[in-house]
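Below is one structure; the comments refer to it alone.
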Amino acid sequence: MTIARPTPITQKQVAAFLKPRPKDSHKGMFGTVTVLGGSNGMIGAAILAGRAALKMGAGCVHIGLLADQMPLVDMHMPELMLHPASEALKTIQADVIVLGCGLGQALPAPKIVYDALLLDVPLVVDADALNIIARRPDLRGMLHTRKAATVFTPHPAEAARLLDISTEEVQADRAAAASALAKRLNGSVVLKGAGSLCVTQEGKVYQNKTGNPGMSSAGMGDVLAGMIAAFIAQGLSADEALLLAVHLHGAAGDALAEQQATLGMSATEVTEWARWLLNQIAPR
């Protein structure tokens, strides 16, 4: 497969996606995000995604958790609303769903993925939701009947499972792998890693130039998934949300690196810097 050289994502490009908020704004104007994940031992992944969604401007954020003993509240961000995952799926009218952060692959995770794919709601599909789809041809088939937008956020190993090739083959031709994923999964894709590659629904390939090795730590992907969802909830297209979030996520990591914080950089810190940078480029 011959893939055109990826187009670099620029700050000017993604800043143009943002619009000023009207003076009579209220939370209902900026969408509801639901995060589904957080199985035993991995509650933090779902909470990181939810915090990122709220701090990127989503009006309301719900988190549906699979853990047997789930917290009643996030004491660091009590604005988040926590529920059992099955309840969140049935009762919350979400504008976008983040699926997979800390989800695990044991029951009832595959049922959660199946039920979410049936909804006519944009999805950001990450982590174990990708792994479940990789081993379930029936779920991959469902992706091609969906009308709402779907964004997939695999790292190279997850991409390899989805394409049924080796991680080394993915890394040998990342642009071809990302493009093949977008076609196979019928959605937009970011193939994460150094120089993350984004493929739009129309098949155009973009390369992100922000980010650094300090971002090689737990939770970074969860934060990115929450950021993408927040921008979709606020009215950006799935492709616009993807490009903005990927660029901003890396730029936040770069801002931290400039503060001599490359070693030990955390996903929580990236969220804080991403909010600060978003407010610098957003129109008023």
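The values are calculated or read from the model by the stated rules, or taken from the named source; none is laboratory data. Owing to the predicted nature of the structure, the values given are computational and were not obtained by experimental measurement. Neighbour counts are summed over all protein chains in view; Cβ atoms, including those assigned to glycine, are modelled from backbone coordinates with ideal geometry.
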Residue ranges of strands (runs of 3 or more DSSP E) in region 1-104 with at least 3 members over 17 Å from the mean Cα position of the chain (by Cα): 81-84
Spot the failing condition for T150; the list is (1) out of contact with any Gly (no Cβ under 7 Å at 6 or more places or on another chain); (2) farther than 21 Å from A267 by Cβ; (3) crowded, with 17+ Cβ neighbours inside 10 Å, and only one is missed. (1)
A careful count of residues in region 153-167 that are free of Cβ contacts under 8 Å to residues at least 24 places away in the same chain and either part of a helix (DSSP H, G or I) or buried (at least 17 other Cβ atoms within 10 Å of the Cβ) (or both) gives 4
Could you check, for region 157-164, whether at least one of its residues is of a type in the set (G, A, S) and touching a Ser or Thr at 6+ places or on another chain (Cβ under 6 Å)? yes
Restricting the search to region 11-53, which residues are of a type outside the set (G, A, S), closer than 20 Å to S237 by Cα and loosely packed, with under 14 Cβ neighbours inside 10 Å? K12, K19, P20, P22, K27, M29
Taking region 85-104, which residues are β-branched (V, I, T) and buried (at least 20 other Cβ atoms within 10 Å of the Cβ)? V96, I97, V98
Residue pairs, Cβ under 8 Å, 6 or more apart or interchain, first in region 124-147 and within 22 Å of M227 (Cα to Cα), second surrounded by 19 or more Cβ atoms within 10 Å (Cβ to Cβ) and among the acidic types (D, E). List them. D126/D222; A127/E158; A127/D222; L130/E158; N131/E158
Being in contact with a His (Cβ under 9 Å, 6 or more places away or on another chain) and closer than 29 Å to E258 by Cα is the filter; apply it to region 168-197 and report the residue that is surrounded by the fewest Cβ atoms within 10 Å (Cβ to Cβ). G193
Please list, ordered by first then second residue, the pairs with beta carbon atoms under 9 Å, 6 or more apart or interchain, first in region 36-48 and without any contact (Cβ under 8 Å) to a residue 60 or more places away in the chain, second crowded, with 22+ Cβ neighbours inside 10 Å and part of a helix (DSSP H, G or I). I47/D222
Which of the following residues is part of a loop (DSSP other than H, G, I, E, B), of a type in the set (A, V, I, L, M), over 16 Å from the mean Cα position of the chain (by Cα) and at pLDDT 95 or above: A218, A257, A194, A180? A194
